[in-house]
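Participant: My questions all concern the structure below.
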């Protein structure tokens, strides 16, 4: 018999699928109903993710080990498609659900009216993202990736307008090419190894003949490029600032998890296939690319942040910055570094989501004249002209308005700036600190002797990028909150302010509770390093005996 | 046969890449389609090329070398479906861009 805990693994995929499909049948005018379905589904995802986290962590009895495996249609591994959950996947499921919840609530204020099928596309996006976190099969990964991308194309264009369509066209074209590379990589790996199951792949990779090894590595490299495009590594990141800056606020906030999907797949596959000595002659394949590519990304994002005068582009570059730091950390490949990187991933995703939502609110304080002037401000020193034109009143919807809007905006902006730049005392700093501390104290340091030179470069880059982030954000903060002597005080509704506050509060919670969070992440990173456990759990997953077998 | 298939894939992908780098959105979409054809043929080739081999195994003891690998064929089918849907979606975005900007340049404006 299967227990309910086994079926729970499928919930993060099936629930948004059913909810999204059901909403296609609901008339577009009934937004309240659609929002309710969407909200229930997302809350369900959050609950499922939390239970899965507790199961994977051994807090709840259910699985034999820390890895839960679900065999779709009861096909034995490696013939069928397996879904596998460990601590890392469960954590990312929860992160995705939290982010989705925040942007969903935010979108109810106005954005879900800007186009058709917003909620359905949103649920399909969640389905794709959750599926990529869960799957243990390469081709299934492709399918979930495409589900995620197809929904993201629709969402990126949500709200329409020339800027969104222009950015969206580049985004679609880049991702279609990346998908082609993905397919090429998957089929080459299949051609060499004869399997698509990740655990099976990790098992047979050591036994690939030297004759075929080049083909295997070429396939893995093509696959890697597809994921690096998604995780925005320099020089494959040029599509990101335009797309994220053009997307509507709740969409951009939930897109913050999408670069992390690329990071997750690289983390999972690279550690499983190439990091250990078990990979034979291919062990360590691509390490330098991840390490130095990540650092180059960090440098690129630092320059990009300093160069952008627009808050949206700045936030987009902050996403590239966190991608760069994470990729370089994966390149180090040590368990402690990966644990630190996971903390940084949590903090940077939450704060980027909050920042994107906040930008929308901050932009309402700008009058029409000041937004034009913001660009030319320094050139003409035209502060005096700022409060000349008051701009037209935007049509506001009714709803509960929160008091002290400017105080809320200012406080939230400072908090998210500290988080993004990684300054103490908030979680961004703890993430960077954990990363650097682990890098400068390598586990094999006694034998290897000293710190790797790459760690020093990484240290300098991380600190410089933090400084640049702080400078760039403060510059915009001063221009927004201090320079205008009579800023327009916007009307903020509770459902717009609450998600921002909730995301920032969550960052504060993981700052205060850094101990327990770090303990969980340490065991998650430890489980990633013990690839044999993963292979054994997935390969040894028992099928459910049929009624005939049981009768026998 | 290997040579013919390899050359076909090479020509398809090569022309696709060239078209992809052209400035008109119509050229880009044709380029993307050609690349996806090349990729589909490539996946097919990864199941090993052969003549007169069926992918469905019959009853009893069989000699696997006389059968084609069914998995790449299933993968190609999925890839074709997804590729077709994505091309249709790209076409819509392309038309929207044409409508907004009055030009079919991929950047939404004619170069000066």
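The values are calculated or read from the model by the stated rules, or taken from the named source; none is laboratory data. If you're wondering where the values come from, they're calculated on a predicted model, not measured in any experiment. Because the Cβ atoms are built from the backbone with ideal geometry, glycine has one as well, and the counts that use them run over all protein chains shown.
Participant: Only one of (1) touching a residue at least 24 places away in the same chain (Cβ under 8 Å); (2) more than 9 Å from every other protein chain (Cβ to nearest Cβ) fails for residue A:184. Which number is that?
Facilitator: That leaves (2) as the condition not met.
Participant: Restricting the search to region B:65-81, which residues are within 10 Å of chain A (Cβ to nearest Cβ) and either touching a strand residue (DSSP E or B) at 6+ places or on another chain (Cβ under 8 Å) or not in a loop (DSSP other than H, G, I, E, B) (or both)?
Facilitator: B:71, B:72, B:74, B:75, B:76, B:78, B:79, B:81
Participant: Separate question: Test each condition in (1) under 18 Å from residue B:82 (Cβ atoms); (2) facing another protein chain (nearest Cβ under 9 Å); (3) surrounded by fewer than 24 Cβ atoms within 10 Å (Cβ to Cβ) for residue A:172 and report the one that comes out false.
Facilitator: Every listed condition holds for residue A:172 apart from (3).
Participant: Would you confirm whether any residue within region A:248-261 is over 21 Å from residue B:13 (Cα atoms), away from every other protein chain (no Cβ under 14 Å), touching a residue at least 40 places away in the same chain (Cβ under 8 Å) and not in a helix (DSSP H, G or I)?
Facilitator: Yes: one or more hits.
Participant: Please work out if residue A:265 is under 14 Å from the mean Cα position of the chain (by Cα), closer than 12 Å to residue A:330 by Cβ and buried (at least 22 other Cβ atoms within 10 Å of the Cβ).
Facilitator: Answer is yes for this residue.
Participant: Follow-up question, since we're still on this one. Looking at (1) within 23 Å of residue A:341 (Cβ to Cβ); (2) in contact (Cβ under 8 Å) with a residue 40 or more places away in the chain; (3) touching a strand residue (DSSP E or B) at 6+ places or on another chain (Cβ under 8 Å), can you tell me which one residue A:56 breaks?
Facilitator: (2)
Participant: Which members of region A:11-55 meet the condition of being touching a helix residue (DSSP H, G or I) at 6+ places or on another chain (Cβ under 8 Å) and closer than 17 Å to residue A:135 by Cα?
Facilitator: Within region A:11-55, A:11, A:12, A:13, A:15, A:16, A:17, A:45, A:48, A:49, A:52, A:53 meet the criteria.
Participant: Looking for whichever is under 30 Å from residue A:411 (Cα atoms), touching a helix residue (DSSP H, G or I) at 6+ places or on another chain (Cβ under 8 Å) and surrounded by fewer than 20 Cβ atoms within 10 Å (Cβ to Cβ) here; the options are A:521, A:508. Which one fits?
Facilitator: Going through A:521, A:508 in turn, the sole match is A:508.
Participant: While we're here: Given the options B:93, B:62, B:51, name the one that is surrounded by 12 or more Cβ atoms within 10 Å (Cβ to Cβ) and either within 14 Å of chain A (Cβ to nearest Cβ) or not in a helix (DSSP H, G or I) (or both). Spell out how you get there, then give the answer.
Facilitator: Working: B:62 fails: surrounded by 12 or more Cβ atoms within 10 Å (Cβ to Cβ); B:51 fails: surrounded by 12 or more Cβ atoms within 10 Å (Cβ to Cβ).
Selected residue: B:93, the only one of B:93, B:62, B:51 that is surrounded by 12 or more Cβ atoms within 10 Å (Cβ to Cβ) and either within 14 Å of chain A (Cβ to nearest Cβ) or not in a helix (DSSP H, G or I) (or both).
Participant: Moving on. Inside region B:103-112, can you point out the residues that are at the interface with chain A (Cβ under 10 Å from one of its Cβ atoms) and either more than 24 Å from the chain's Cα centre (by Cα) or surrounded by fewer than 13 Cβ atoms within 10 Å (Cβ to Cβ) (or both)?
Facilitator: Residues satisfying the conditions are B:107, B:108, B:109.
Participant: Residue A:115 passes all but one of (1) under 16 Å from residue A:9 (Cβ atoms); (2) touching a residue at least 24 places away in the same chain (Cβ under 8 Å); (3) over 23 Å from the mean Cα position of the chain (by Cα); which number fails?
Facilitator: Going through (1) under 16 Å from residue A:9 (Cβ atoms); (2) touching a residue at least 24 places away in the same chain (Cβ under 8 Å); (3) over 23 Å from the mean Cα position of the chain (by Cα) one by one, residue A:115 breaks only (1).
Participant: A further question follows. Considering only residues of region B:65-77 that are buried (at least 16 other Cβ atoms within 10 Å of the Cβ) and at pLDDT 85 or above, which is farthest from residue A:174 (Cα to Cα)?
Facilitator: B:71
Participant: Looking for something facing another protein chain (nearest Cβ under 8 Å) and crowded, with 24+ Cβ neighbours inside 10 Å - is there at least one such residue anywhere in region A:127-138? Explain how you work it out, then say what you get.
Facilitator: From region A:127-138, those facing another protein chain (nearest Cβ under 8 Å) are none; that's our starting set.
The answer is no; no qualifying residue exists.
Participant: Another one. Can you tell me which of A:40, A:51 is in a helix (DSSP H, G or I) and closer than 30 Å to residue A:537 by Cβ?
Facilitator: Working: A:40 fails: closer than 30 Å to residue A:537 by Cβ.
Just one listed residue meets the conditions, A:51.
Participant: Right, another one. Quick check on residue B:34: is it more than 9 Å from every other protein chain (Cβ to nearest Cβ), over 30 Å from residue A:166 (Cα atoms) and in a helix (DSSP H, G or I)?
Facilitator: Spelling it out, it is not the case that residue B:34 is more than 9 Å from every other protein chain (Cβ to nearest Cβ), over 30 Å from residue A:166 (Cα atoms) and in a helix (DSSP H, G or I).
Participant: Look at residue A:201 and say whether it is in contact (Cβ under 8 Å) with a residue 40 or more places away in the chain, more than 10 Å from chain B (Cβ to nearest Cβ) and part of a helix (DSSP H, G or I).
Facilitator: In short, yes.
Participant: Could you figure out which of (1) at pLDDT 90 or above; (2) within 19 Å of the chain's Cα centre (by Cα); (3) within 14 Å of chain B (Cβ to nearest Cβ); (4) surrounded by 23 or more Cβ atoms within 10 Å (Cβ to Cβ) isn't true of residue A:123?
Facilitator: It is condition (3) that residue A:123 fails.
Participant: What are the residues in region A:72-92 that are outside any loop (DSSP other than H, G, I, E, B), closer than 18 Å to residue B:71 by Cα and in contact with a helix residue (DSSP H, G or I) (Cβ under 9 Å, 6 or more places away or on another chain), if any?
Facilitator: Scanning region A:72-92 gives A:72, A:82.
Participant: In region A:155-169, how many are within 9 Å of chain B (Cβ to nearest Cβ) and surrounded by fewer than 21 Cβ atoms within 10 Å (Cβ to Cβ)?
Facilitator: Selection size over region A:155-169: 4.
Participant: Name the one entry in A:328, A:316, A:341, A:299 that is touching a helix residue (DSSP H, G or I) at 6+ places or on another chain (Cβ under 9 Å), surrounded by fewer than 22 Cβ atoms within 10 Å (Cβ to Cβ) and assigned to a helix (DSSP H, G or I).
Facilitator: Residue meeting the stated conditions: A:299.
Participant: Also: If we only count helices (runs of 4 or more DSSP H) wholly inside region A:406-490, which ones have 3 or more residues that are at pLDDT 80 or above and touching a helix residue (DSSP H, G or I) at 6+ places or on another chain (Cβ under 8 Å)? Don't jump to the end; show me each part of the working.
Facilitator: Numbers: elements: A:427-440, A:445-448, A:453-477.
Counting at least 3 such residues, we get A:427-440, A:453-477.
Participant: Residues A:152, A:103, A:179: which one is assigned to a helix (DSSP H, G or I) and within 30 Å of residue A:537 (Cα to Cα)?
Facilitator: On inspection, the qualifying residue turns out to be A:179.
Participant: Hey, residue A:234 hits all of (1) within 20 Å of residue A:319 (Cβ to Cβ); (2) assigned to a helix (DSSP H, G or I) but one; which does it fall short on?
Facilitator: (2)
Participant: Right, next: Among (1) buried (at least 23 other Cβ atoms within 10 Å of the Cβ); (2) closer than 19 Å to residue A:321 by Cα, there is one condition residue A:236 misses while meeting the rest; what is its number?
Facilitator: Among (1) buried (at least 23 other Cβ atoms within 10 Å of the Cβ); (2) closer than 19 Å to residue A:321 by Cα, residue A:236 violates only (1).
Participant: Is it true that some residue in region A:206-220 is within 11 Å of chain B (Cβ to nearest Cβ), over 28 Å from residue B:12 (Cα atoms), assigned to a helix (DSSP H, G or I) and in contact with a helix residue (DSSP H, G or I) (Cβ under 9 Å, 6 or more places away or on another chain)?
Facilitator: Scanning region A:206-220, I find no residue that is within 11 Å of chain B (Cβ to nearest Cβ), over 28 Å from residue B:12 (Cα atoms), assigned to a helix (DSSP H, G or I) and in contact with a helix residue (DSSP H, G or I) (Cβ under 9 Å, 6 or more places away or on another chain), so the answer is no.
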